[in-house]
Structures are given as C-alpha cells and as structure tokens.
C-alpha cells in the first residue's frame, strides 16, 4: 500500500514525467559510450571534449546558440502540430522553401529598400512560404484524408528539387557562371540585409570594451565575450525566444490555441463541442510550417547570407527539431533548454571529432536513440496515468474492500 | 545514324535501367507491405536500408564473399526490425515518430561506421550481371542471350538480386492472400481484437512481419551497395526508404500495386539518368519532382483509404474497448 500511495502522489508523477526525457538522453549517451568503447575511444574523454567544446568557451557557446535557434523555431512548429495530433515530418522542406523565398526577396529588394525593412519582409516572406508548404499537406489530410506523414515527406523531396532547380538556374550566383564553376548557390545578400549580430547590438548599446580591457577572467569572461565580442551569434536567437513565449501564450491562453489542443486530445469530443476539426488541422499544420519557414529565413539573413545546397541549409533541423520538441515535452518553453542541449550536442560533436577522432555523425545516431527512448518511455507515463484513474475509481467504488485489504 | 534506331536504343536503355533501379524499392516496399498489413507503420526503413547497405558492403569489401555480405545485411535488417517491433508492439510507441528515431540512428550509425572503418569511398566487385553467354557453355561464339535485341537487352543481363526482387512480388502475394499465416497477418491488421479472441497472437504476428520488413529493407540497402552501385557512401539511399513506405500506400497495400509504383519511380529515375547521359538540356530537377507529386495525388484517391488496414499505426492491448 505504501508504494501505491507513493505513486498516487501527483507531484511525484509529474516529477517522473519530467525525468523520463532526461533518462532517455542519459540512456542514449550510455549507448553512445558503448559505441565509443567499441571504436576504442575513451567515452569520458569524448564526452568531456563534447560538452566543453559546446558550453565552455564564448565561441563554443555562440555556435551552440546559433544551432539552437533553428532547432527552437522548428521545434515550436512541431509542438503546435503534435499538440493537434498531426505529425509534421516536413519541416525540412518547409525550412528550405522559406530559405529560398527569403533569399530571393533579399536579393531582389536588398538595394531598393532600407535594410531593416527588407529584413522584416524577408522574415515574413519565409514564414508565409513555410506556412503554405505546411498548410498544403494539412489541407490534403483534412479534405481528402491523405496521410500527412507521407505527404510531408513527399513535399520535402519536392522542396529539395525546387531548390536545386532554382539554384542551378534562375537564382545562381552570376559569379559562378562567369567563373564557369557552376556551383549551385545564390549570390550573397547585400550586407544591409544581415540580421544584426549580438556584437552589433552591444556596440549600439555602448558596450565597446573587450573582456581583456575589463580584466574579466573565467566563465564570466566567456559570457561577456559571447554577448559583446564578435562571434557568429545573431539576434535570430532573440526572435526564437520571443516566439517560444508567444507560442506558449497562444496554446494556453487563447481560444484558438485551446481548440488546437482539444482537437489533438480528442477529435471526436472536439467535434461534438462544435469545433471544426478539419479547419484546426489545416491551421496547425500551416503554423507548424510557418515556424519551420521562419527558421529557414533566420538561417539565411542571420547566418548564411546566401542560399546553397538545400540539404546543407536545412542540415537535418527538420528532424532534430522533432527531437528538441519531444525532449521539451511538447511544451514551447521546455523546447528552449532542449534546443540549447541538442544545439550543444551538434557543436560538441565537432569538437569531439578533433579530440578523440570520433566522427561528428555519432551525434545523429545519439539523437535517433533519444527519439526512440522518449517515445518508448511514454508507455510508463500512460500506464501510471491509467493506474491512477483506476485506483481512484476503485477506492471510490469499494471503500470497504480497500480498507479490509 | 538512323534516327528511329537511336530512339529505340534510348527507350531500351531506359527500360533496362528502370528494371535495375526498381530493385531497392521492391525489396523495401514489399517488406513494408508485410508490416503494414499487420498494422505496423515502420517509418525507419530508410535507416535500416543504410545499415544494410553499409554492413553488406563492408563484409564484401573485407572478404569478397557476396553471399556472406548479403546475409549480413539481411541479419542487420532483421535485428533493427526487432528493435522497431519491440518499440512499436511491446512499448506501443507512436509509430510515425519512433520511425524517425530509427532513421536518424541508422543514418548516424552507418555514417559513423563508414568513417571509422573505411574512411574513403571504395568499390567492390558486386553481384555479376547474368548475361547468359554461349561461351560459358563451351561454345566458341561470343553471343550472349542478353544481347538479343530489345527483349534480351531489357529483361536479361541483370544481377540475381534484381530477379530476386521481382520474384518477391508473386511470392509475397501468395503468402499474404493464400496462406493461413497471410490470413493471420490480414486479420491482425484489420481487427486485432477479433484475431486475439480467435487465439491468434497479435504480438507474435506483428513481430514477425516487422522483422521480415526489416530484413528485406536490409537487403534493399545491400542491393544498392553490392549490386547496383557497388560502393558505399554516406546517406546513399537518398530518401528511397521513405519512398518505399509511400509506395505501400500508393500500391494500396498489395504487392502488385507496389510493383506498379516502384516501376513508375524507377522509370522516371532512369529517364533522368539518360537525360544526363545524352546531355539533353532538360530541367531534370523538375522531372525528378513528378513521381513525388504523383504519389501525393494518388494518396488522395478516396478508395485507397477503404483499402487501408483498419488497425494501421494503432497499438494493440488486450482489454481495450
């Protein structure tokens, strides 16, 4: 009875729910350690190099946050879709079309309008494009019953091919044609269209001293350097963080958000409550795609400043964003630390490669294991939830037997 | 040169390549058909294919033994199928998402193994083309049956794995529609509660089908690395595993339907190859898009949904309902 009583404690249950993804990551890293041992590398050394590389220096931290930005944006879209119980596997394609339109807009408008305006147009354009790319499979599912997992996978391939077509043809960098190399990438966007970096903002705010001049040491020096000195860190991170808060408000404080969650939890009940399930399916897929498109737009104006190989731009974020969203418990705010963690793993993998000669791709395998563990572990939260319900029902129905037993 | 002859030669070339290129689609999609008919969507086919492609290639590269390479790929696929079955049947995880996990694991692990054990792209002597030459029977003639105009040029001169893939179509049709076990598969996919009541072990059937699907996905990968291309590269399956999953929907969960879909995709791929070979100035990127568009359109036909196994993606637990 004692143990049962313990499990009936809702606070303890909540804690377990939060712990499960953490255990999933630890489990995945342990299997990773076995792989490392099999490859005759020292796991402790490898993981130390990984985490130190990702989190200990200003440049490591900057790269981690630069990667966390698209992860978070894609992850937010995944949160919305999965909350509505539609499975969006198409973030890769949505990100690519967003990046393509952003590049086209930036190149076309860059010299004609003030930079800040072009940036806004680019971000909106990318978002809209991604939204359309997500809404199409949503519409096909709502109206024609087309399985969204398959249609989004197909839409990914179509986006990749459109990307190649545009980058080999209409959008190719004229310099590439002149040089005769014909590498499929676009020209660089005008510098006025670059999203400000943190160092630009710091300068604008009046922070001009370097950490050396301030005689900072230790981790404080790295943090100061991260925020003030020139790194790759750009303000796309701030956009993503603001979006996370907005998505939280949207899903839990607005009627539309409530309906999206209702459709996801129980479409039949939602329909009886007068909610148009189809409309919210299209809406959630569209929003999901919009965030992936925004991620693509931010990658272009914030980081790459030009479009190149579609799959190199999307860089698997469409899939690793799913990992971040799942790890963040499909909660917009939970997705923030999840994105930083997985951004760190991606960056750290590179450092690990240099330290112990274990290729960075191991991180992809570890991320895959995290997904498998997280979705597999959900059975225990479901079991506990149903046991809780049945135990409560039992004690209500048969208090005498309970007491006697 | 006669223009009509050239066109014929090109068409023959496209048909020959189309048959070759259908091989990985057929293995993977027929395997997936078994899994889906029993109610399990294995979206991790792409990852299993990559692991199969790597392991088959590695064994052949080290030992030169093609059969051993093929068996290794099949075994690796079987084991990964077991993992997928455990996750989706026993742990009842959401199948679309767990498949993505398996895909990422296979992609990462095969690249990791490639980089640590091989490092560079190597070639192997893969399964030979069966050209059926008279010289092998002791004749002095250099004539081969594969040289017979049109028929021989299209249908002969492929490797044993290509013929194996096409043989799988009638075999799997027979298993699914004409055997007791096939009946169990269909029952479990259509109405697991009823099957369970009649004493069919839902879990056992699903484990078996997902593992068969995994094994065939492993062979599909190997068909690329030790028969069609004879190399291993990171991510060399290039989305074919995902297309295989879609082909099962496209083909209405029947082996013959899968065959039609696989041929469609492979013929378009073959055409694209020939456009490049001939140096034609066609936007081949656009042509490559067509089968994907067509698949989406095909998925939209309402009769398809009626054919879908009713319990697809739904985990089974006794005492539900």
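The values are calculated or read from the model by the stated rules, or taken from the named source; none is laboratory data. Just so you know, these numbers come straight off a predicted model, no measurement behind them. So basically every Cβ, Gly included, is an ideal-geometry build from the backbone, and we count neighbours across all protein chains shown.
Give the residue, chosen from A:183, A:119, that is over 20 Å from the mean Cα position of the chain (by Cα) and over 24 Å from residue B:289 (Cβ atoms).
A:119
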query: Can you pull out the helices (runs of 4 or more DSSP H) entirely within segment A:260-369 that have at least 1 residues that are in contact (Cβ under 8 Å) with a residue 12 or more places away in the chain and crowded, with 21+ Cβ neighbours inside 10 Å?
result: A:277-298, A:310-314, A:317-327, A:335-356
message: over 27 Å from residue A:183 (Cα atoms), in contact with a helix residue (DSSP H, G or I) (Cβ under 7 Å, 6 or more places away or on another chain), at pLDDT 95 or above and in the same structural domain as residue A:316 (by TED's automatic domain parsing): is that true of residue A:142 in this structure?
response: no
task: Sort out which residues of segment A:153-195 are away from chain B (no Cβ under 11 Å), in contact with a helix residue (DSSP H, G or I) (Cβ under 6 Å, 6 or more places away or on another chain) and more than 26 Å from residue A:116 (Cα to Cα), and write them in order of number.
output: A:182, A:183
query: If you go through segment B:116-131 one residue at a time, do you hit one that is surrounded by fewer than 18 Cβ atoms within 10 Å (Cβ to Cβ), in a strand (DSSP E or B) and free of Cβ contacts under 8 Å to residues at least 24 places away in the same chain?
result: no
message: Going through B:168, B:134, B:118 one at a time, which residue ends up being closer than 17 Å to residue B:20 by Cβ and either in contact with a helix residue (DSSP H, G or I) (Cβ under 9 Å, 6 or more places away or on another chain) or at pLDDT below 90 (or both)?
response: B:168
message: Quick test of your reading of the structure: residue B:10 fulfils all but one of (1) within 27 Å of residue B:190 (Cβ to Cβ); (2) surrounded by fewer than 24 Cβ atoms within 10 Å (Cβ to Cβ). Name the failing condition by number.
response: (1)
query: Can you name every residue in segment B:215-257 that is outside any loop (DSSP other than H, G, I, E, B) and within 14 Å of another protein chain (Cβ to nearest Cβ)?
result: B:240, B:241, B:242, B:243, B:244, B:245, B:246, B:247, B:248, B:249, B:250
query: Limited to segment B:148-190, what total is found for residues that are more than 19 Å from the chain's Cα centre (by Cα) and within 18 Å of residue B:248 (Cβ to Cβ)?
result: 7
task: Answer yes or no: is there a residue in segment A:154-169 that is within 22 Å of residue A:310 (Cα to Cα), in contact (Cβ under 8 Å) with a residue 24 or more places away in the chain and over 25 Å from the mean Cα position of the chain (by Cα).
output: yes
Conditions (1) more than 24 Å from residue A:135 (Cβ to Cβ); (2) touching a residue at least 24 places away in the same chain (Cβ under 8 Å); (3) not in a loop (DSSP other than H, G, I, E, B); number of the one not met by residue A:232: (3)
Residue count for segment A:131-152, restricted to those that are surrounded by fewer than 19 Cβ atoms within 10 Å (Cβ to Cβ) and away from chain B (no Cβ under 14 Å): 1
field: One residue from B:293, B:299, B:307 being modelled with pLDDT of 70 or more, surrounded by fewer than 15 Cβ atoms within 10 Å (Cβ to Cβ) and at the interface with chain A (Cβ under 7 Å from one of its Cβ atoms)
entry: B:293
